[in-house]
Amino acid sequence: MRTVLDNIGIATLYGLLSWGTAAFLSAYGIFPSPLWPSASLSLAAAVLGGRRLWGGIFAGSFCSNLLLFHASVPLAAGVSVSNVIAPALGAWLIRRTTHTALPFFQIRHVFHFVAFGVLLHGFLSATGGVALSLLAGSMVPADAAESWWRWALSDAGGTFLFGPAMILWWSDQSERFSPAKRREGFALVIATLGFALGVFMGFQDPAHSLSGLPYLLFAPLMWFTVRFPVRDAAALLSTVGLIAIVGTIAQRGAFHLAYAAYPLLGAGLLVVALGISVLTVGALVSERRAAEARLRDINEHLERRVAERTSELHRRATEDGLTGLANRAYFLERGESLLQEARRMSRPLSALVIDVDGLKTINDTFGHHAGDHAIIRVSAACRASLRDDDLIGRLGGDEFAVLAPNVDSAGNAALIERIKLKLDDYPDTDIRVQASIGGATWMGTDADLNALLDRADAAMYKNKRRRSGWGVTPDSAQFASRKS
């Protein structure tokens, strides 16, 4: 159902464009048209819809040839087939060579669009239409060459003027802008269209010296193309081109001169020059934006890699590889800072020294993996008992140390009990891990961190000497200890 409705829409729009063009130009006695906008619709439908919309192109062309050009049914059908083949082949070649349906964001893609979508399209349409007209007897051979040129230029011009805008707007290549940029774009559009209306429709006197005035349109159009998407620039170009063509046909504006034999040719050449400039500059800007985006992605990737590598280097330099706690060097470095802060603020600082009991026995009895497991268990019990501001580190193979800011002697003792309770919360079928813990609190008497840790270490060894009964019981194969 969607395909049927789309084809009806294409056929209807094709017919309306053809009728509007014919009605306007017939009033000035220059029909058949020097510019055929319906050709751009055919190409846009072929590029974006493919063979799904060929029926709509054929139906629109058939009705236009039958009603506007008064062609016979066989001739109208034949020309309409030609009008489907030309844009279809052009669209296929565009996709084949650019691998995109939007060939306006790279210079070489723009070249392919002009070559296949504009020039080849016009060539095939004119060749097919003139050949069929000659066969049907509706055209004499003497008129074939001129008719072919007019037909080719009409289709190519219409495609070039309106095709990019149609394709880009139908593909919904929209962007969001800041309020300031929207105001800038609105001002540029109003200024450009106002100037175009004044230049091409503002006066009718053929005796003037303003024929060079239209070329000032390059400035605002290039400005707009650099600052805004190709889609919007193509739409502005189409509007300016339409104003130029309509004004010149109506015998108004800068190209309407008493001594000018072909004013419409001058307007057409200006539109072609503007169109090539807009599409070329738009492609260059799009390529630059794409390159900048790729460069940003590369930089972000490198920054992430550097950050990850830096984090990994920092982790290796400051963390113990087995437990993830601070290593000895980092613990002592941070510990000095905590001690200096405690001295400066006259606040207590508690230190704990923790030693895994019987680690050698565990290693000898159960293997080093069991010893590692015991170390990890003690570190987890300590970490679970501490606050975020507390510092814990592994000083050696089986020795840990803790610094707890703003913790006095009573808090020190409570912290030791919490760690012991946490150790008992880890039952194991093979190994029961225990640790000896000693604590000391700095109250302004210790000369440095080592002195504070020495007191905590002495307390730990005192507690260890009070413990007894270490060993592996043959019956239960459990490593056990008695609490002091």
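Conditions (1) modelled with pLDDT of 85 or more; (2) surrounded by 12 or more Cβ atoms within 10 Å (Cβ to Cβ); (3) in a helix (DSSP H, G or I); (4) in contact with a strand residue (DSSP E or B) (Cβ under 9 Å, 6 or more places away or on another chain), marked per residue:
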position: PHE255; (1), (2), (3), (4): yes, yes, no, no
position: SER277; (1), (2), (3), (4): yes, yes, yes, no
position: THR280; (1), (2), (3), (4): yes, yes, yes, no
position: VAL285; (1), (2), (3), (4): yes, yes, yes, no
position: ARG305; (1), (2), (3), (4): yes, no, yes, no
position: GLU312; (1), (2), (3), (4): no, no, yes, no
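Among the residues of segment 390-416, how many are outside any helix (DSSP H, G or I), touching a helix residue (DSSP H, G or I) at 6+ places or on another chain (Cβ under 9 Å) and not β-branched (Val, Ile, Thr)?
15
Could you pull out the residue among GLY371, GLY367, GLY439 that is touching a Leu at 6+ places or on another chain (Cβ under 7 Å), of a type in the set (Gly, Ala, Ser) and at pLDDT below 90?
GLY371
Give me the pairs, please: first residue somewhere in segment 381-393 and outside the structural domain of GLY411 (by TED's automatic domain parsing), second residue anywhere and among the acidic types (Asp, Glu) and buried (at least 19 other Cβ atoms within 10 Å of the Cβ), beta-carbon distance under 8 Å, and either six or more positions apart or on two chains.
none
Quick one: which of LEU188, LEU216 is in contact with a helix residue (DSSP H, G or I) (Cβ under 9 Å, 6 or more places away or on another chain), exposed (fewer than 15 other Cβ atoms within 10 Å of the Cβ), assigned to a helix (DSSP H, G or I) and of a type outside the set (Phe, Trp, Tyr)?
LEU216
Which members of segment 100-132 meet the condition of being surrounded by 23 or more Cβ atoms within 10 Å (Cβ to Cβ), of a type in the set (A, V, I, L, M, F, W, C) and part of a loop (DSSP other than H, G, I, E, B)?
Matches in segment 100-132: PHE104 only.
Being aromatic (Phe, Trp, Tyr), within 27 Å of HIS109 (Cα to Cα) and surrounded by 24 or more Cβ atoms within 10 Å (Cβ to Cβ) narrows it down to one of TRP36, TRP54, so name that one. Spell out the reasoning first.
Values: TRP54 fails: surrounded by 24 or more Cβ atoms within 10 Å (Cβ to Cβ).
From the options TRP36, TRP54, the qualifying one is TRP36.
Which one of SER26, SER64, SER42 is closer than 18 Å to ALA136 by Cβ and either buried (at least 19 other Cβ atoms within 10 Å of the Cβ) or hydroxyl-bearing (Ser, Thr, Tyr) (or both)?
SER64
I want to confirm something. Restricting to segment 348-377 and keeping residues that are touching a residue at least 12 places away in the same chain (Cβ under 8 Å) and surrounded by fewer than 16 Cβ atoms within 10 Å (Cβ to Cβ), which single residue is farthest from the chain's Cα centre (by Cα)?
THR361
Could you count how many residues in segment 225-251 are farther than 18 Å from PHE24 by Cβ and outside any helix (DSSP H, G or I)?
Within segment 225-251, the first condition is being farther than 18 Å from PHE24 by Cβ, and the residues that meet it are 225-237.
Next, from what is left, pick out any that are outside any helix (DSSP H, G or I): 228-229.
The total comes to 2.
The values are calculated or read from the model by the stated rules, or taken from the named source; none is laboratory data. Since we're looking at a predicted model, the values are computed, not measured. With ideal geometry, Cβ positions are generated from the backbone for all residues, glycine too; neighbour counts draw on all protein chains shown.
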